[in-house]
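Please find one structure pasted underneath; my questions will follow.
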Amino acid sequence: MTKPQHPSPPDAVVVGAGLAGLACALDLVEAGLRVELLEASDGVGGRMRTDRRDGFLLDRGFQVFNTSYPQVKRRLDLRGLRLRPFTPGLIARTPSGRVRVTDPTRRPGDAAQLLPGRVLPGRDLAALAALTARDALLPAKRLRRVPDRTASEALVRAGLSPRAIEDLMRPFLSGVFLEEGLETSARFLHLVWRSMVRGTLCLPAEGIGAVPAQLAARLPEGALRLGSPVAGITDSGVLLADGGERPAAGVVVATDAATAARLLPGLAVPDSRTVTTYYHAADRSPLTEPTLVVDSGLAVLNSCVLTEVVPSYAPPGTALVSTSVLGSGPPGGERTVRARLAELYDTDTSTWETVAAYTVEGALPAMRPPWPLSRTTRFAPGRYVCGDHRATGSVQGALASGSRAAREVLADRAAVRAGRV
Ligand SMILES: Cc1cc2nc3c(=O)[nH]c(=O)nc-3n(C[C@H](O)[C@H](O)[C@H](O)COP(=O)(O)OP(=O)(O)OC[C@H]3O[C@@H](n4cnc5c(N)ncnc54)[C@H](O)[C@@H]3O)c2cc1C
């Protein structure tokens with residue numbers, strides 16, 4: 001644990017060094033404030049951390065990095081992350097066998113697979129193309145204002161047939177929303193679809209935790225205090241779990257939603273989704289390409305061979321397979337998942353070694369419509385709350401909420417100084 005940067009009280013204390021807390025702290029520092037960022041755990045990143053174990057890089061729950069998020073473009077040095085891309089498309093295991101869908105604008109050579117009738121009937125292909133063009137080309141502001149409904153209703157309104165939804169869209173989007181009813185906000189669907197079409201899905205060479213690590217490296221020395229759980233918010237600042245107090249005029253709670261609700265009694269937070277990711281090591285890669293595999297049977301959300309995306313995720317000569325399932329896993333646990341993987345990859349998985357399993361409770365907020373894409377972070381005078389639960393359950397949402405908290409802190413300070421409050 002590093003010593004506090006300033007012997008005098010900071011101007012603002014930020015609680016939680018996930019993406020939202022990091023973004024908020026960095027913006028406040030840039031505006032000239034003395035900031036302390038208090039993090040309960042032994043590292044930054046919150047839900048975006050990577051463990052190193054026995055030569056493996058194990059993200060705490062499979063997730064992908066999207067290069068087109070506005071906050072990502074604004075804040076991150078993408079070159080420094082040494083990103084490796086996924087194939088722009090996916091393989092779906094459907095009742096009629098394995099089908100491959102590739103973005104024809106990026107892989108024109110694969111466009112023949114999309115001939116009407118091969119993967120989807122022509123009507124569905126046209127509906128999908130229209131949805132994609134609309135979401136990619138309309139200004140984001142327009143998408144943010146569409147009347148909100150469920151993602152499922154939006155897909156039907158877009159003209160997709162039940163077959164296209166069941167075989168492709170539901171299996172894929174369940175892995176994005178971490179729920180299979182497609183009851184998530186259509187506004188979020190359109191924005192995510194837009195970001196996928198406009199950006200590249202990829203992973204950093206050092207694991208997903210490299211993203212918050214890059215942000216944390218820009219904090220002034222001593223601003224970050226790890227191993228400093230906050231137990232309560234007081235009238236003068238924060239109370240640490242070790243009994244210490246840290247006075248500050250401004251306090252920003254940037255924790256997960258459940259902790260935020262404990263620290264700020266009366267704060268309404270959404271319920272959340274849980275996901276479990278299993279990591280298996282195999283002697284041979286069951287799919288020699290960096291492509292996401294989805295399961296229309298919904299037994300698993302998605303799977304991929306991580307080492308085909310980033311070889312450094314496993315020791316040389318070993319393939320690392322990541323597979324996510326909803327909740328805390330199916331009855332039968334890892335064995336059930338392994339059996340389904342044998343069908344998905346059409347291979348014998350009995351010799352695969354289980355490397356790790358991570359169950360992430362509170363992985364994403366449940367974003368049911370109508371879902372406001374950004375909420376004020378003001379909770380009480382001098383008290384703020386940010387995080388993905390105040391925006392959208394995504395890297396973009398968490399960073400944007402942190403950014404909004406910093407703006408609101410600064411605006412309120414300016415108002416107090418100007419005697420407007
Ligand atoms: C498995 C999984 C897959 C995902 N996939 C994607 C994806 O593909 N694309 C995408 O864009 N997003 C994805 N997300 C969502 C994205 O990771 C999150 O939205 C984002 O990381 C949330 O950041 P946050 O700062 O709001 O919260 P958190 O990351 O939860 O950070 C909160 C921080 O507060 C700390 N804290 C908690 N209590 C205290 C306390 N009392 N005192 C001090 N500190 C405290 C925590 O330790 C943590 O560091 C995924 C998330 C998960 C879990």
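The values are calculated or read from the model by the stated rules, or taken from the named source; none is laboratory data. Source: prediction; values computed, not measured. No Cβ is skipped: glycine too gets one built from the backbone with ideal geometry, and neighbour counts run over all protein chains shown.
Filter the stretch 376-393 down to the residues that are farther than 15 Å from Ala261 by Cα and surrounded by fewer than 24 Cβ atoms within 10 Å (Cβ to Cβ), then identify the one that is farthest from the ligand (Cβ to nearest atom).
My answer is Pro381.
Could you check Ala342 against (1) more than 24 Å from the chain's Cα centre (by Cα); (2) surrounded by fewer than 18 Cβ atoms within 10 Å (Cβ to Cβ); (3) among the small types (Gly, Ala, Ser); (4) within 29 Å of Arg74 (Cβ to Cβ) and say which number it fails?
Result: Ala342 fails condition (4) only.
To continue, here is another question. Suppose the filter is more than 27 Å from Arg79 (Cα to Cα), under 15 Å from the mean Cα position of the chain (by Cα) and near the ligand (Cβ under 10 Å from one of its atoms); does Arg225 pass it?
no
Could you please find all residues in the stretch 394-421 being in a helix (DSSP H, G or I) and either polar (S, T, N, Q) or within 13 Å of the ligand (Cβ to nearest atom) (or both)?
Answer for the stretch 394-421, where residues must be in a helix (DSSP H, G or I) and either polar (S, T, N, Q) or within 13 Å of the ligand (Cβ to nearest atom) (or both): Val395, Gln396, Gly397, Ala398, Leu399, Ala400, Ser401, Gly402, Ser403, Arg404, Ala405.
Out of (1) surrounded by 15 or more Cβ atoms within 10 Å (Cβ to Cβ); (2) within 11 Å of the ligand (Cβ to nearest atom); (3) of a type outside the set (S, T, N, Q), what's the single condition that is false for Tyr278?
(2)
I'd like the residue in the stretch 394-421 that is within 19 Å of the chain's Cα centre (by Cα) and without any contact (Cβ under 8 Å) to a residue 60 or more places away in the chain and, out of all such residues, is surrounded by the fewest Cβ atoms within 10 Å (Cβ to Cβ).
Arg404
Identify all residues within the stretch 313-328 that are under 23 Å from the mean Cα position of the chain (by Cα), surrounded by 19 or more Cβ atoms within 10 Å (Cβ to Cβ) and not β-branched (Val, Ile, Thr); write none if there are none.
Tyr313, Ala314, Leu320, Ser322, Ser324, Leu326
Pick out, from the stretch 186-247, the strands (runs of 3 or more DSSP E) lying fully within it that include 1 or more residues that are without any contact (Cβ under 8 Å) to a residue 60 or more places away in the chain.
Output list reads 230-233, 237-240, 245-247.
Do we find a residue being at pLDDT 95 or above, aliphatic (A, V, I, L, M) and touching a Gly at 6+ places or on another chain (Cβ under 7 Å) anywhere in the stretch 217-233?
Yes, that holds for at least one residue.
OK, next. Could you please find all residues in the stretch 357-375 being more than 10 Å from the ligand (Cβ to nearest atom) and either aliphatic (A, V, I, L, M) or crowded, with 23+ Cβ neighbours inside 10 Å (or both)?
Once the filter is applied, which keeps residues that are more than 10 Å from the ligand (Cβ to nearest atom) and either aliphatic (A, V, I, L, M) or crowded, with 23+ Cβ neighbours inside 10 Å (or both), the stretch 357-375 yields Ala357, Ala366, Met367, Leu373.
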